[in-house]
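Read through the structure below, which is laid out as structure tokens, and then see the notes.
The values are calculated or read from the model by the stated rules, or taken from the named source; none is laboratory data. This one's a predicted model, so the numbers in the text were calculated from it and none came from an experiment. Ideal geometry is used to build each Cβ from the backbone, glycine not excepted, and the neighbour counts take in all protein chains shown.
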Amino acid sequence: MKKMILLVVIASLSIGISAQKFDNLAKTPPMGWNSWNKFQCNVSETLIMGMADAMANSGMKDAGYEYVVIDDCWQISRDENGEIVVDNDRFPHGMKFLADYVHSKGLKFGIYSCAGKKTCAGRPGGLGHEYQDAITYARWGVDYLKYDWCNTSTQEAKSSYANMRDALFSAGRPIVFSLCEWGSNKPWEWAGEVGHLWRTTGDISDSWNSMINIFNQQKDFARYAGPGHWNDPDMLEVGNGGMSVEEYKTHFSLWCMLAAPLIAGNDLASMTPETKSILMNKEIIAVNQDTLGRQGVCYRDNGDYQIWIKGLANQEKAVCLLNKSDEKKTVLVDFALLAQAGTGRRSGGSRGGAPLTIENYRLRDLWEHKDLALKETSLYIDLLPHTVKVYRFIKK
Ligand code: GLA
């Protein structure tokens, strides 16, 4: 018996040592900026420093954005020792300098690599250099790693990503680990113990169809998300010009309802007032960053018209009415019913107490930034094409 206990202890200790991601990171969905959506391979030290400045000075940092992430194309080759070589023309002072600069703004620094031989843009990938790269990243002061899945041939996804997780862990610097294998190997089923976020689909592009098509694929993933492990429907396109202001509001609202990482992908140095008012809508961001860490669920699905509910801490909830169609819709919304609606999981906010009713809440319109004056508990609401309404049920 004693032997048996000893064996169990040794076994669990060794699991603990060899298979770990950093805990206590990404307790709420990560917020930041990434270079890819707007700049693709056109990255440089000047650009990244400019984005860090803009994040700190535009109000983005105050709104919660934190990580400044360089995507593909910063790396150019490997040297004779296998060390990754930074493109010296574009990053003349190297990555440690850049990380220090980003840190000096009170922000965090992120970088990109790939589990395959080469990155998606054909730069050197991480395969066979995982432990070496992890040490390099730790030395530079990297806080966030996005790890892609191009040129992986017959590699197995879970073990490839777990290998990089272990490499990061053994290098000792806490790094948020972002898996980017586009949902190809159902990462929601296994990545919770490997990384802090995982892409669920292919790449977003800056159009309504792309955005809503990705959104439509998120419905079944809610139960896999929680503090420290998030579904990632890809980065934001808000402010990049391919959608209307109303469509960008919808995009941002839906990502907040999904508890998705909020990684801006626009030029932070030249934001219109509309773009700023979307990306820095603190009331909507609070829905995304809620400490309960629950992903929203689809409560009513009438095809083009849907109601989504996201359970929040303190028995509160956010409700999003979505009109995906090209026509205006007028819908009758029963707020009394919504007040009592569950949020997709047991204890949908009413653990231990009597279920709450409309009497217990005040209703806040999170885009109008004002409380809703309800004369009746049901209300006809106009929804223009491709728009949302987002309400928060706030406990009185
Ligand atoms: C893949 C990823 C994108 C981006 C590019 C870079 O397509 O999914 O998000 O990182 O690679 O090459």
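Which residue is surrounded by the fewest Cβ atoms within 10 Å (Cβ to Cβ), if the candidates are limited to the range 203-222 and must be more than 16 Å from the ligand (Cβ to nearest atom) and farther than 19 Å from Thr387 by Cα?
Residue satisfying both the conditions and the ranking: Asp220.
Would you mind finding the one in Ala167, Ala225, Ala171 that is over 22 Å from Gly128 (Cα atoms) and more than 16 Å from the ligand (Cβ to nearest atom)?
Numbers: Ala167 fails: over 22 Å from Gly128 (Cα atoms); Ala171 fails: over 22 Å from Gly128 (Cα atoms).
Testing whether each residue is over 22 Å from Gly128 (Cα atoms) and more than 16 Å from the ligand (Cβ to nearest atom) leaves just Ala225.
Give the residue that is surrounded by the fewest Cβ atoms within 10 Å (Cβ to Cβ), with candidates limited to residues of the range 117-141 that are touching a residue at least 40 places away in the same chain (Cβ under 8 Å) and within 16 Å of the ligand (Cβ to nearest atom).
The qualifying residue surrounded by the fewest Cβ atoms within 10 Å (Cβ to Cβ) is Ala121.
Only one of (1) assigned to a strand (DSSP E or B); (2) surrounded by 12 or more Cβ atoms within 10 Å (Cβ to Cβ) is not met by Gly342, so which one is it?
Of (1) assigned to a strand (DSSP E or B); (2) surrounded by 12 or more Cβ atoms within 10 Å (Cβ to Cβ), only one is false for Gly342: (1).
Please identify the pairs in which a residue from the range 143-158 that is on the phi < 0 side of the Ramachandran plot has its Cβ atom under 7 Å from the Cβ atom of a residue that is assigned to a strand (DSSP E or B) and away from the ligand (no atom under 16 Å from the Cβ), counting only partners at least 6 apart or on another chain.
What qualifies is Asp143/Lys108; Asp143/Phe109; Tyr144/Lys108.
Please list, ordered by residue number, the strands (runs of 3 or more DSSP E) wholly in the range 60-116 having 2 or more residues that are within 16 Å of the ligand (Cβ to nearest atom) and modelled with pLDDT of 95 or more. Show your work before the answer.
Values: elements: 67-69, 75-78, 84-86, 108-114.
Ranges flagged: 67-69, 75-78, 108-114.
Return the residues of the range 361-396 that are more than 14 Å from Thr250 (Cα to Cα), surrounded by 12 or more Cβ atoms within 10 Å (Cβ to Cβ) and touching a Ser or Thr at 6+ places or on another chain (Cβ under 8 Å); say none if nothing qualifies.
Scanning the range 361-396 gives a single hit, Ile381.
Of all residues being at positive phi and surrounded by fewer than 18 Cβ atoms within 10 Å (Cβ to Cβ) in the range 345-360, which is modelled with the highest pLDDT? Just the residue, please. Break it down stepwise before answering.
At the first step, the residues of the range 345-360 found to be at positive phi are 347, 349, 352.
If we keep only those that are surrounded by fewer than 18 Cβ atoms within 10 Å (Cβ to Cβ) too, we end up with 347, 352.
Details: Ser347: 46, Gly352: 50.
Only one residue tops the list, namely Gly352.
Do any residues in the range 68-90 that are small (Gly, Ala, Ser) have Cβ atoms under 7 Å from those of residues that are surrounded by fewer than 14 Cβ atoms within 10 Å (Cβ to Cβ), where the two are at least six apart or on different chains, and which pairs are they?
Pairs that qualify, where the first residue is small (Gly, Ala, Ser) and the partner is surrounded by fewer than 14 Cβ atoms within 10 Å (Cβ to Cβ), are Ser77/Val85.
Can you tell me which residue among Trp367, Trp308 is assigned to a loop (DSSP other than H, G, I, E, B), among the aromatic types (Phe, Trp, Tyr) and within 21 Å of Asn281 (Cβ to Cβ)? Spell out the reasoning first.
On the way: Trp308 fails: assigned to a loop (DSSP other than H, G, I, E, B).
When all the criteria are applied, what remains is Trp367.
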